[in-house]
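Below: the structure, in structure tokens.
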Amino acid sequence: MLNGTSAPSPAADVDEETPLLDRPRTSAESRIRNSRLFLAVFSAVLGNFSFGYSLVYPSPVLPQLQSPSTDPRLRMNTDQASWFGSIYALGAVAGGLGAMLLNDKIGRKLSIMMSAVPSTIGYMLLGGAVDRWMLQVGRFLTGIAGGMTSASIPVYISEISHPAVRGALGSCPQITAVFGSLALYALGLVLPWRWLAVAGEVPALLMVVLLALMPCSPRRLLSLGRQEQAESALRWLRGKHYHTHKELSAIQDSINIQSRVTWSQLATPVYYRPIIISVLMRFLQQMTGITPVLVYLEPIFSKSKVSLDPRYDAALVGLVRLLSVAVAASLMDKAGRKALLYTSSMLMFLSTLTLTLYSHTTPCPSPHNHTALNLDYNPHNAIGNTLDTGHQTAAGVIPLISTMVFIFGYAMGWGPITWLLMSEILPLVARGVASGVCVAVSWLTAFTLIHTFTQLEHAYGLYVPFLWYTVVCVFCLLFTGVFVPETRGRSLEEIENYFRTGRSFTINSQSPNTEP
């Protein structure tokens with residue numbers, strides 16, 4: 001915001017209250033060139049694009065694999081389809097926990113590049129499958145790749161970014177993952193499922209080529225004692241005129257003061273309270289049903305009698321999801337965390353309640369006999385059938401609009417804020433262990449929900465899982481009100497003091513000074 005004395009700037013930017021000692025720092029920052037940093041971030045988030053693409057792969061693929069015209073060696077029943085959708089989450093657990101080890105062993109950049117190996121092999125198995133086991137193994141391998149990228153890329157981006165753009169660049173992984181899902185929905189309109197797998201290999205391979213030209217994290221290099229390489233990497237990222245000494249010193253000081261947390265420390269409120277809140281938030285985030293809805297989006301629309309073709313409905317929801325992420329990013333620093341979580345919970349509650357009522361009163365199409373479906377409505381009156389069809393067409397937009405509201409509500413709060421609060425409330429020394437627990441809880445919960453969704457739907461109808469998601473949204477509201485602290489405008493020291501004392505914020509009088 002302030003310009004240095006050595007760079008041309010409007011005089012109005014410097015007033016009598018401007019600290020003179022801050023000028024050298026801002027002078028260095030004014031010489032930063034972000035073009036190479038943006039290129040490095042783009043190269044990395046191609047992995048998130050691939051993650052978003054692979055996560056929702058079953059949405060357009062399962063209807064084709066369950067079609068009577070499919071090769072019997074590949075055709076899936078309900079149980080096999082549930083495994084095809086859910087086994088990805090088990091792979092993500094393995095990939096996420098493995099990436100935590102690889103990040104320390106080989107570094108962030110190489111960990112991201114390594115994710116291309118299971119991704120490429122997985123898509124090759126999916127595209128060339130001649131038996132169901134190849135589909136399941138391919139899906140598991142792409143899940144490993146997705147877990148590796150989701151665990152490694154945010155760390156790499158945070159370590160190569162500077163404070164002025166770290167917040168904006170930190171939202172890039174989620175945005176590009178949404179782009180990947182939207183790309184899958186769009187390509188699903190024109191490509192058969194084998195070619196969707198072939199197309200999925202492109203982002204991962206492009207990521208490897210570009211990342212090979214990018215520098216390693218300066219923090220990683222300093223932790224290995226490679227001072228000259230760290231300086232070279234930082235100068236490449238910031239520009240040749242950037243003074244690297246101060247930033248490198250700050251990174252080195254941060255590395256020097258790091259210590260390992262002990263079990264006795266974990267028993268104190270300053271550690272276990274934020275860890276428990278973070279784990280429960282990741283648990284509730286998945287329990288809202290967001291992952292099974294995204295994975296089975298097209299089958300859900302098919303069984304909900306949406307008036308449009310389910311393929312087009314899925315693409316429309318993907319577009320709304322992209323727009324909602326952009327809206328959430330613009331509101332993140334303007335509204336409080338709890339206000340957005342309340343709004344998010346309420347929107348998801350209303351939408352899932354609507355879907356529950358709609359699916360409970362609307363018969364689902366029979367997967368085996370579509371002719372019998374028309375007879376079930378009014379087998380004795382052709383005029384009644386015609387009127388009923390018109391009513392169904394008018395009501396067919398209800399599940400589409402409700403799903404859009406659900407996705408929008410999730411992206412406004414429980415999607416991004418769960419990750420943001422983790423970075424704000426988790427103690428630095430316990431972040432590695434706590435993040436691992438959060439990753440495992442999140443994906444194991446996702447696996448359970450994805451695996452049971454198709455079975456519950458097949459046995460009881462769509463209203464049962466949607467009713468469960470409605471109840472969870474109520475718990476999300478209560479949890480936000482009782483346990484989640486408002487961290488907007490709070491320093492990390494204030495947040496730590498809140499958990500240490502176990503009281504409400506006693507620093508409210510200081511909050512005006514901490515507002516951005």
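The values are calculated or read from the model by the stated rules, or taken from the named source; none is laboratory data. Predicted, not measured: the structure shown is a model, and the values here were computed from it. Don't worry about glycine lacking a Cβ; one is built from the backbone with ideal geometry, like all the others, and counts go over all protein chains shown. We work out accessible area using only protein heavy atoms, side chains counted, and drop any ligands, DNA or RNA first. Shrake-Rupley method; radii C 1.70, N 1.55, O 1.52, S 1.80 Å.
Starting from the Cα of K246, draw a straight line to each of the lysines and keep only those under 29 Å, dropping any in the same chain fewer than 8 residues away.
K105, K109
Ordering T445, T78 by how much accessible area each has at a 1.4 Å probe, largest first, what is the list? Walk me through the intermediate numbers first.
Working: T445 15, T78 40 Å².
Highest to lowest solvent-accessible surface, that is T78, T445.
Computed FRET efficiency, Cβ-Cβ of S330 and T448, R0 35 Å: what is it to the nearest 0.05?
Working: r = 34 Å, r/R0 = 0.97.
Here the calculated transfer efficiency is 0.55.
May I ask you to evaluate 6.51 cos²θ - 1.76 cosθ + 1.60, the Karplus curve with θ = phi - 60°, for each residue of the stretch 214-229 and list the ³J(HN,Hα) values in order in whole Hz, giving x for glycine and proline?
Residue by residue, the stretch 214-229 yields 8, x, 6, 5, x, 5, 4, 5, 5, 5, 8, x, 9, 4, 5, 5 Hz.
So how exposed is L331, as accessible area in Å² (1.4 Å probe, rounded to 10)?
60 Å²
Quickly work out the S158-to-L110 label distance, labels modelled 7 Å from Cα along the C-beta direction, and quote it in nm with one decimal.
For L110 paired with S158, the spin-label model returns 2.2 nm.
Throw me the Rg/Rh for the stretch 285-327, computed over C-alpha atoms with Kirkwood Rh, two decimals. Write down the numbers at each step before the final one.
Numbers: Rg = 11.1 Å, Rh = 11.0 Å.
Using only Cα positions, Rg/Rh for the stretch 285-327 is 1.01.
Please work out how much length the chain gains when fully extended from I32 to D309, using 0.36 nm per residue of separation minus the C-alpha to C-alpha distance, in nm with one decimal.
On the way: separation 277, 0.36 × 277 = 99.72 nm, distance 4.94 nm.
That works out to 94.8 nm of additional length.
Any idea of H245's accessible area? Nearest 10 Å², probe 1.4 Å.
140 Å²
What distance in nm separates the simple spin-label points at A212 and S254, each placed 7 Å from Cα in the Cβ direction?
So the label points at A212 and S254 sit 3.0 nm apart.
Let's test the formula: R0 of 22 Å, r as the Cβ-Cβ distance of L357 and A459. What FRET efficiency results, to the nearest 0.05?
Numbers: r = 20 Å, r/R0 = 0.89.
Given R0 = 22 Å and the Cβ-Cβ separation, E is 0.65.
Mind checking the alpha-carbon convex hull of the stretch 91-171 and giving the volume per residue in Å³?
On the way: hull volume 6.7 nm³, N = 81.
Here the figure is 83 Å³ per residue.
With every protein chain kept in the model, how would you rank V293, V155 by accessible area, 1.4 Å probe, largest at the top? All intermediate terms of the calculation are to be shown ahead of the outcome.
Details: V293 5, V155 45 Å².
The residues order as V155, V293, largest area first.
Assign one of three labels to the stretch 433-485, namely rounded, prolate or oblate, based on the Cα gyration tensor with a ≥ b ≥ c the square roots of its eigenvalues; rounded applies when a/c is under 1.5, prolate when it is not and a/b is larger than b/c, and oblate otherwise. Can you show the working numbers first?
On the way: a/c = 6.29, a/b = 1.37, b/c = 4.60.
Note, shape of the stretch 433-485 comes out oblate.
When only the heavy atoms of the protein chains count and the probe is 1.4 Å, how do K240, K305 rank by accessible area, highest first?
On the way: K240 160, K305 35 Å².
Greatest to least solvent exposure: K240, K305.
Roll a 1.4 Å probe over the protein heavy atoms and report the accessible area of V202 in Å², nearest 10.
Counting only protein heavy atoms, V202 exposes about 90 Å² to solvent.
Which value, in Å³ per residue, describes the convex hull spanned by the Cα atoms of the stretch 27-176? Don't skip to the end; give the middle numbers.
Working: hull volume 16.0 nm³, N = 150.
Given the Cα convex hull of the stretch 27-176, per-residue volume reads 107 Å³.
Rounded, prolate or oblate: which one fits the stretch 67-118, using the alpha carbon gyration tensor with axes a ≥ b ≥ c (rounded when a/c is under 1.5, else prolate when a/b beats b/c, else oblate)?
Working: a/c = 6.18, a/b = 2.84, b/c = 2.17.
Because a/c hits 1.5 or more and a/b exceeds b/c, the stretch 67-118 counts as prolate.
Can you pull the one-decimal nm distance between simple spin-label points at L322 and V130, each 7 Å off the Cα toward Cβ?
Between L322 and V130, the label points sit 3.8 nm apart.
Would you kindly state how much longer the chain becomes between V117 and V474 on full extension, computed as 0.36 nm times their sequence separation minus their alpha carbon distance, in nm to one decimal? Before the final figure, lay out the partial values.
Details: separation 357, 0.36 × 357 = 128.52 nm, distance 4.13 nm.
Value of the extension gain: 124.4 nm.
Starting from the Cα gyration tensor of the stretch 220-356, take the square roots of the eigenvalues, sort them a ≥ b ≥ c, and report rounded, prolate or oblate (rounded when a/c is under 1.5, otherwise prolate if a/b is larger than b/c, else oblate). List each step's numbers first, then the result.
Values: a/c = 2.83, a/b = 1.77, b/c = 1.60.
Since a/c reaches 1.5 and a/b is larger than b/c, the shape of the stretch 220-356 is classed as prolate.
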